[in-house]
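In what follows, a single structure is set out as structure tokens and then discussed.
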Amino acid sequence: MSSVFRNCKTVLVTGANRGLGLQIVESLVTGGGYAGKIIATARSPGEAEELQNLSKNHPNIHIITLDVVSEESIKKAAVEVEQIVQEDGLNCLINNAGINVIADFETVTPEKMLENFHTNSVGPLMITKAMLPMLKRAAAKGVGMGIHRAAVINMTSLLGSVELNWGERAKDFKWYPYRTSKSALNMITRCMAVDLEADGILCMAIHPGWVRTDMGGQEAPLSTEESISSVLAVIGSLTEKDHGTFLHYTGEALPW
Ligand code: NDP
């Protein structure tokens with residue numbers, strides 16, 4: 001599966017200490033097809049035991065600190081990423097870190113909205129801005145679009161789809177902060193796709209499915225391995241036609 005990543009030299013994953021982020025790192029290094037550098041970020045690397053153990057056997061994993069809501073942390077991380085990727089630049093940025101602040105119409109507060117918006121929408125935008133020089137450097141070396149060149153992948157959710165939040169589908173998950181933070185991330189993806197197209201940087205949003213993680217819960221139908229093997233297959237196959245899209249982990253287009 002990760003053989004589709006063979007033309008990619010550098011990948012950065014946020015929130016790589018657990019859940020889907022950790023699975024992305026694990027699948028890339030154990031899938032057999034990826035030999036490039038993986039920058040795995042966590043806000044507390046010292047506590048990221050599984051990730052640390054994985055990196056002991058795979059020296060191409062570089063663990064760095066990144067709190068996606070801290071401008072200072074983003075700035076420091078960008079300096080470290082620069083030192084790791086050097087002339088190669090950054091081929092694939094996966095904005096995966098996210099939180100789910102659960103609140104319905106009764107319980108929602110300004111603080112809950114802003115907390116979710118900061119992590120899930122503002123964070124990916126600011127991280128992409130900070131990594132832009134490295135993305136541009138990688139993009140300058142290639143033609144076409146995809147992770148052989150440079151791509152920004154935003155881990156979004158079906159729950160962020162405005163169109164799908166209607167009728168039967170709108171009866172569950174009445175989560176104002178989470179849903180709107182992912183709708184905003186979807187719009188940010190489109191805005192960045194417009195702005196970064198001239199640099200040859202592909203931007204897209206992907207829904208990983210409903211997955212058994214701390215966020216997804218144990219009743220979710222998909223294991224992290226099942227979700228991420230599909231997600232990586234989709235990311236690895238992205239081309240010009242996928243620029244500015246919102247895709248399901250199976251590769252189908254989703255309504256905004
Ligand atoms: P988890 O709750 O299992 O993991 C979330 C990750 O995000 C953790 O690594 C966490 O780090 C990190 N994170 C949260 N806040 C910050 C922050 N301020 N700075 C840095 N890292 C942070 O979630 P999943 O793995 O399930 O979800 C990953 C992504 O996929 C999210 O964006 C989520 O919205 C999306 N998604 C998940 C679905 C599912 O069913 N699981 C469905 C649809 C979308 P820490 O350990 O430090 O808290």
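Would you point out which residue out of L164, L125, L132 is under 28 Å from I39 (Cβ atoms), within 16 Å of the ligand (Cβ to nearest atom) and open to solvent by 30 Å² or more (accessible area, probe 1.4 Å)? Lay out the reasoning, then the answer.
Details: L164 fails: under 28 Å from I39 (Cβ atoms); L132 fails: within 16 Å of the ligand (Cβ to nearest atom).
Step by step, each of L164, L125, L132 is checked, and only L125 is under 28 Å from I39 (Cβ atoms), within 16 Å of the ligand (Cβ to nearest atom) and open to solvent by 30 Å² or more (accessible area, probe 1.4 Å).
Checking each residue in region 189-233 for being away from the ligand (no atom under 14 Å from the Cβ) and open to solvent by 10 Å² or more (accessible area, probe 1.4 Å) picks out R190, C191, M192, V194, D195, L196, E197, A198, D199, S229, A233. Within region 16-54, the set of residues being polar (S, T, N, Q), crowded, with 20+ Cβ neighbours inside 10 Å and assigned to a loop (DSSP other than H, G, I, E, B) comprises just one member, N17. Please name all residue pairs, on different chains or six or more residues apart, with Cβ atoms under 7 Å, provided the first residue is in region 52-68 and is charged (D, E, K, R) and the second residue is within 13 Å of the ligand (Cβ to nearest atom). Close Cβ pairs satisfying both conditions: D67/R43; D67/S73. Within region 55-77, the set of residues being touching an Asp or Glu at 6+ places or on another chain (Cβ under 9 Å), in a strand (DSSP E or B) and surrounded by 18 or more Cβ atoms within 10 Å (Cβ to Cβ) comprises H62, I64. Taking each residue of region 141-163 that is at pLDDT below 95 and looking for partners that are within 16 Å of the ligand (Cβ to nearest atom) with beta-carbon atoms closer than 8 Å, six or more apart or interchain, yields nothing.
Within region 234-247, restricting attention to residues that are open to solvent by 20 Å² or more (accessible area, probe 1.4 Å) and in a loop (DSSP other than H, G, I, E, B), the residue that is farthest from the ligand (Cβ to nearest atom) is T239.
Annotation note: of A97, A170, A139, the sole residue that is buried (at least 20 other Cβ atoms within 10 Å of the Cβ) and away from the ligand (no atom under 14 Å from the Cβ) is A139.
The values are calculated or read from the model by the stated rules, or taken from the named source; none is laboratory data. Please read these numbers as outputs of a predicted model, since none were measured by experiment. A quick note on method: Cβ atoms are made from the backbone with ideal geometry, for glycine too, and the neighbour counts reach across all protein chains shown. These accessible areas exclude ligands, DNA and RNA; they are computed on the full protein's heavy atoms, side chains included. Shrake-Rupley method; radii C 1.70, N 1.55, O 1.52, S 1.80 Å.
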